[in-house]
Amino acid sequence: MPLVVGKQILDKARREGYAVPSFNTNNLEITQAILETAEALRAPVFIQVSDGARKYAGMENLSNLVRDMASRVSVPVALHLDHGADYAMVLQALRAGFTSVMIDASHHPFEENVHKTKKCVEAAHAVGVSVEAELGRLQGIEDNIVVDAKDAFLTDPSEAVRFVEQTSIDYLAVAIGTSHGAYKGKGRPYIDHARLEQIARRVSIPLVLHGSSGVPAWLVEKMKATGADIGDPAGIHDEDVRRAIPQGIAKINIDTDLRLALTAGMREVVTRSPKEFDPRKIIGKGRDYLKQVVREKLELMGAAGRA
Ligand code: 13P
C-alpha cells in the first residue's frame, strides 16, 4: 500500500498500548528484511533514514526504494527522517516523499529548540506530514558527558508539556537514560522509568525512545566467534523496553542491532567459507539474521498482528 503518515500509525499504537519499531535502513537488503518480516507478522512499521544513510546511499535513492517496496506489502509503513539536522534537511525529506520527519534541535537552548522545531512543523503539516522532535539529550551523541551530569540532559517533564504545546509536534523523543550505539553502559544500562511515567502522565502524544537496541547475546557471540574485536557491548534489556511501552512509548528506534545482524551474517560466511565470493551468499546470510532481529523486535514491542 502507499506509505502511511507516521502519526496515523503512532496514535493508534499509544492508544492501544503497543509500540512500533523504527528501523534504520541503508540499503536494499535491510529494507527487504524489514518489509518482508513486517508483512509476515502483520505488523505496522517505521523505516528511517539517518544523515549517515543519506550520505551513504542518497536520500532520493532510499526514498524511492522504500516507497516502491512498501507499495507491494499490505501493512502500514511510514518513511521517517531520523535526526533531521535543520530546516533544509526536513524540506529535502518532504520533497523526497517522506511521511514523517524528525527535527533534532535538542542541543540548542529550549527557546531555540522550540523556534526551530515550530518552523519545521509548519512546513511538514502544510503537506500533511507528521513531526517528531526531541527534548533533552541522549548520551552517546556527545562523548564527554560524565555520569554525574547525566540528569541535566534528561527530559524535564514540565518542560516537555510546554514544548509540545508551543511546537504542535506529533510525537516527542524523550531522553530517559538510553544512548545510541553498542556500548550503553555496564551491567543493566540505566533507564529512568520514574521520569518517563511523569512525562507520560502530562503529555498525551506518542513518546519516542531512541537508543533502544538490545545488543542481543546471540549476535555478540556470532561476532566474537568470527574474530570481531568488539569488547563488551551492552544494550537495553527487553524487560525495560516492555515496561516503557505501557508508560507511553509508541515508537522505538533500532539501528545498532541491525548493524550487528548484517555484519555477523556476512562475517560468518566470509570466515567460514573462504572460497566464497558471491556477494549474494555473503550479504544474504546477513539478511537472514536481520529478519530474525526484526521479528524479535516486532514481537517484543507488541506490533505483530496489529496491521
Ligand atoms: P541504537 O543505536 O540503540 O540502535 O539506537 C538507534 C537510534 O536511536 C536511531 O535514532
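Here, each number is a calculation from the coordinates, and none is a lab measurement. Since this is a predicted model, take the numbers as computed values, not measurements. Glycine gets a Cβ as well: all are built from the backbone with ideal geometry, and neighbour counts include every protein chain shown.
Taking interchain pairs and intrachain pairs at least six residues apart, which have beta carbon atoms under 9 angstrom, with the first residue in the stretch 67-90 and within 26 Å of H108 (Cβ to Cβ) and part of a helix (DSSP H, G or I) and the second within 14 Å of the ligand (Cβ to nearest atom) and charged (D, E, K, R)?
M89/D51; M89/R54
Consider the stretch 17-32. How many of its residues are hydroxyl-bearing (S, T, Y) and under 16 Å from S130 (Cβ atoms)?
Matching residues across the stretch 17-32 total 1.
Take the residues in the stretch 164-191 that are in contact (Cβ under 8 Å) with a residue 60 or more places away in the chain and not hydrophobic (A, V, I, L, M, F, W, C), then tell me which one is farthest from the ligand (Cβ to nearest atom).
D170
Return yes or no: is D86 among the acidic types (D, E) and surrounded by fewer than 24 Cβ atoms within 10 Å (Cβ to Cβ)?
Working: among the acidic types (D, E): yes; surrounded by fewer than 24 Cβ atoms within 10 Å (Cβ to Cβ): yes.
For D86, the condition - among the acidic types (D, E) and surrounded by fewer than 24 Cβ atoms within 10 Å (Cβ to Cβ) - is met.
When only residues in the stretch 6-39 that are closer than 24 Å to V121 by Cα and surrounded by fewer than 19 Cβ atoms within 10 Å (Cβ to Cβ) count, which is farthest from the chain's Cα centre (by Cα)?
R15
Given the structure, is I176 buried (at least 20 other Cβ atoms within 10 Å of the Cβ) and part of a loop (DSSP other than H, G, I, E, B)?
yes
Test R14 against the criterion of being more than 19 Å from V129 (Cα to Cα) and not β-branched (V, I, T), and give yes or no.
no
Could you check the stretch 105-120 and list, in sequence order, the residues that are closer than 15 Å to R162 by Cβ and either touching a residue at least 40 places away in the same chain (Cβ under 8 Å) or not in a loop (DSSP other than H, G, I, E, B) (or both)?
Within the stretch 105-120, S106, F110, E111, E112, N113, V114, H115, T117, K118 meet the criteria.
Go through the stretch 55-76 and report how many residues are surrounded by 15 or more Cβ atoms within 10 Å (Cβ to Cβ) and within 23 Å of E122 (Cα to Cα).
Final tally of qualifying residues: 2.
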